[in-house]
Amino acid sequence: MNKLHFKVGLFAAASLVLAAVFIAYLLHARGFFEKTFHLQLAATSADGVAPGVPVVFSGIEIGRVTTLGLNENGGIIIHTEFLGRNAKWLKENSTFTLDKPIVGGAKIRVDSPDLRAPALPDNATMLLLTSDISKEIPALVERVKAILANVEYLTRKDGEINATLASVKTVTGRMTGEYGVLEGVLGSPEKARAVTDSLDKTRALITKLDALTAKTDQWLFAQDGMAEQTKASLAQVRLMLNDAQSSLKKADAVMANAVEISANVKDGTQDIAKLRAEIDDAVRKANGLINEINKKWPFAREPEVKLP
Amino acid sequence: MNFLAASIESLGAKVVGWFTVGYGMFAFLAQAGLLLLEPATWNRATFDVVVKQIYFTAVQILHVFLGYALVISWLIITIILSTARDFGLTEFASEMTIRVLVLELLPFLTALFVALRSGSAINTEVALMQVNNELDALAHCKVPPMQFEFLPRLIGGVVSVVTLAGLAGLLALLMGYLAIYGMNVAGFEPYTRTIAKIFDFRIMAGLIAKCALFGLAVTLIPVTAGLETPKKLFMVPVSVLRGMMRVFFAIVAIEVVSLALKYI
């Protein structure tokens with residue numbers, strides 16, 4: 001056996017087998033053993049589309065644009081080609097969008113919202129939508145410009161924001177002083193001290209008021225306090241009033257007698273003397289009553305009942 | 001005035017020299033091609049020499065070459081992957097790896113490897129044969145040197161460079177898969193898609209043609225350079241020097257033209 005020939009034969013055989021395997025793999029990868037699936041896309045403009053533009057589904061390339069041309073009505077017809085294994089992602093409710101990113105080439109995006117929908121037939125025609133970011137850029141730039149102008153205006157020298165920041169700086173500077181936040185709010189340590197002083201005084205005043213309230217309480221509501229005395233006085237007053245009422249009733253009766261008497265004046269004058277004495281007695285009693293009440297109750301009135 | 005005339009004359013001499021070399025090369029190539037078409041060429045003796053040439057050019061160095069291809073592939077794949085990750089371009093990393101390694105770098109390095117090892121040897125051998133009148137002796141003994149010495153070398157060179165570049169490329173594809181997806185089959189589907197995207201018919205045909213041209217360049221140029229050697233022993237190193245310079249320029253020119261055809 002020729003060793004040299006054996007080695008070369010081994011080398012050649014191995015190389016040929018590897019080459020054959022690689023070519024078979026390549027043919028499989030390129031879909032040589034599969035049916036190709038065709039799809040037409042109708043678009044208004046072929047801007048950015050060229051043969052070789054990928055058709056992607058969920059970010060994965062499943063097909064490519066093969067040719068594109070005009071139809072009789074001036075519309076664009078884009079022919080795309082898919083491997084048989086990728087055709088299952090194309091459904092009747094799929095949407096086809098032409099994406100033109102700022103960086104990178106254009107691609108046709110397939111969105112299939114419902115994968116249970118019926119599959120697209122071969123050689124179907126679908127509509128191609130366009131989403132062109134570059135067309136939105138000028139509008140975006142205009143808006144950003146306006147915003148920047150506003151920001152510039154707000155942050156200009158001697159603008160509101162600068163003034164506010166300066167004020168905040170002053171206030172926070174004061175806040176670090178002896179009287180802290182109070183000084184920051186009031187503006188100077190003197191004013192802050194006045195506030196703390198008045199607070200101190202208020203505290204003292206409240207202490208005094210506390211003591212006073214306790215004393216008043218004692219004076220008013222304790223055993224033999226003012227309240228109890230008043231209650232007793234009122235009971236006496238009621239008694240006196242009853243007394244006065246009975247006296248006045250007597251006087252009433254006397255007055256009735258008097259009318260009767262004056263009707264019979266001629267019946268004798270000694271009765272008038274007796275009557276006079278009785279009225280005087282009643283008036284005196286009433287006077288005494290009023291005096292008594294006046295003693296108990298400080299009425300600022302003359303203690304007198306005028307007799308007609 | 002004399003100086004100008006001398007410059008023009010030397011330029012003319014150079015141009016004529018280049019044309020002579022080019023003409024000699026293509027005439028030799030045409031002769032070899034014609035011989036290849038003759039049925040008489042395809043006999044057992046020629047075949048044995050071809051096998052021997054393939055053994056010396058490819059099989060003998062296979063383990064060294066594959067080790068070298070492994071290291072350089074691994075290095076370049078790692079660099080491309082980490083750079084792509086830094087710039088957020090991971091999705092393009094596999095395509096970049098395949099394009100740089102399999103399509104450009106590995107065939108070029110294979111050609112250089114074979115040129116430095118076998119090309120220089122062929123050049124020296126042919127130059128010595130020429131100086132020692134061995135070629136005339138062979139022709140006299142009815143052993144045409146074209147059929148038994150030169151044509152097998154050309155065939156061996158082409159076959160070797162194409163095979164070695166192919167093996168290195170397959171190794172690089174495997175390394176690339178392992179570097180990107182690791183030891184699992186999860187990445188098979190996307191990797192297959194990338195490969196399918198890159199290797200269309202044009203690219204495959206271009207790759208094979210480029211490798212064949214490399215193989216031809218690293219054997220044809222040394223043979224013709226050796227045949228040009230004046231019959232003086234001290235001219236042998238000069239012949240090798242010239243031959244290797246031409247090989248280098250030819251390899252670079254083939255690479256540049258292939259790149260231009262592919263991407264311009």
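The values are calculated or read from the model by the stated rules, or taken from the named source; none is laboratory data. This is a predicted model, so every value here is computed, not measured. In this analysis, Cβ positions are derived from the backbone assuming ideal geometry, glycine residues included, and neighbour counts consider all displayed protein chains.
Some values worked out for this structure:
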item	result
Verdict on A:V21 being closer than 24 Å to A:P121 by Cβ, at pLDDT 85 or above and within 13 Å of chain B (Cβ to nearest Cβ)	no
Residue list for region A:41-84, restricted to those being within 16 Å of A:A119 (Cα to Cα) and over 56 Å from the mean Cα position of the chain (by Cα)	A:E81, A:L83, A:G84
Among the candidates A:T66, A:T44, residue that is in contact with a His (Cβ under 7 Å, 6 or more places away or on another chain) and either surrounded by 12 or more Cβ atoms within 10 Å (Cβ to Cβ) or within 9 Å of another protein chain (Cβ to nearest Cβ) (or both)	A:T66
Pairs where the first residue, in region A:266-295, is over 19 Å from A:M240 (Cα atoms) and the second is modelled with pLDDT under 70 and surrounded by 15 or more Cβ atoms within 10 Å (Cβ to Cβ), C-beta under 6 Å, 6+ apart	A:D271/A:I261
Set B:E91, B:E95: member being within 14 Å of chain A (Cβ to nearest Cβ), more than 25 Å from the chain's Cα centre (by Cα) and farther than 18 Å from B:L154 by Cβ	B:E91
Single unsatisfied condition, B:I76 versus (1) in contact (Cβ under 8 Å) with a residue 40 or more places away in the chain; (2) within 26 Å of B:V247 (Cβ to Cβ)	(1)
Within region B:52-65, tally of residues that are crowded, with 20+ Cβ neighbours inside 10 Å, over 14 Å from A:S15 (Cα atoms) and of a type in the set (V, I, T)	1
Residues satisfying the stated conditions in region B:41-68, i.e. at the interface with chain A (Cβ under 10 Å from one of its Cβ atoms), of a type outside the set (A, V, I, L, M) and either farther than 17 Å from B:V143 by Cα or in contact (Cβ under 8 Å) with a residue 24 or more places away in the chain (or both)	B:K52, B:Q53, B:Y55, B:F56, B:Q60
Condition check for A:I147: farther than 17 Å from A:A46 by Cβ and touching a helix residue (DSSP H, G or I) at 6+ places or on another chain (Cβ under 6 Å)	no
Boolean, A:K91 is under 19 Å from A:L129 (Cβ atoms), surrounded by 17 or more Cβ atoms within 10 Å (Cβ to Cβ), more than 14 Å from chain B (Cβ to nearest Cβ) and without any contact (Cβ under 8 Å) to a residue 60 or more places away in the chain	yes
Only listed residue being over 20 Å from A:S94 (Cα atoms) and surrounded by 12 or more Cβ atoms within 10 Å (Cβ to Cβ), chosen from A:F11, A:F57	A:F11
Set B:K197, B:K232: member being of a type in the set (D, E, K, R) and under 27 Å from B:G119 (Cβ atoms)	B:K232
Lone qualifier among A:L39, A:L27, A:L4, A:L16 - being free of Cβ contacts under 8 Å to residues at least 12 places away in the same chain and surrounded by 15 or more Cβ atoms within 10 Å (Cβ to Cβ)	A:L4
Residue within region B:104-122 that is modelled with pLDDT under 95, more than 15 Å from the chain's Cα centre (by Cα), surrounded by fewer than 20 Cβ atoms within 10 Å (Cβ to Cβ) and in a helix (DSSP H, G or I) present	no
Those residues of region A:116-163 which are in a loop (DSSP other than H, G, I, E, B), surrounded by 11 or more Cβ atoms within 10 Å (Cβ to Cβ) and in contact (Cβ under 8 Å) with a residue 24 or more places away in the chain, in sequence order	A:A117, A:L120, A:D122
Segments classed as helices (runs of 4 or more DSSP H), wholly inside region B:133-208, with at least 1 members that are within 11 Å of chain A (Cβ to nearest Cβ)	B:151-181, B:188-198
Neighbours by Cβ (under 8 Å, 6+ apart or cross-chain): first from region A:192-209, farther than 26 Å from A:R174 by Cα; second of a type in the set (S, T, N, Q)	none
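Rundown of residues vs (1) among the hydroxyl-bearing types (S, T, Y); (2) in contact with a Gly (Cβ under 7 Å, 6 or more places away or on another chain); (3) farther than 30 Å from B:V50 by Cβ, yes/no style:
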position	(1), (2), (3)
A:F11	no, no, no
A:A20	no, no, no
A:H38	no, no, yes
A:V56	no, no, yes
A:G59	no, no, yes
A:N71	no, no, yes
A:N86	no, yes, yes
A:T95	yes, no, yes
A:L115	no, no, yes
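Let's see how each residue does on (1) of a type in the set (A, V, I, L, M, F, W, C); (2) under 17 Å from B:L154 (Cβ atoms):
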site	(1), (2)
B:L216	yes, yes
B:T224	no, yes
B:L227	yes, yes
B:K231	no, no
B:P237	no, no
B:F248	yes, no
B:A253	yes, no
B:V256	yes, no
B:Y263	no, no
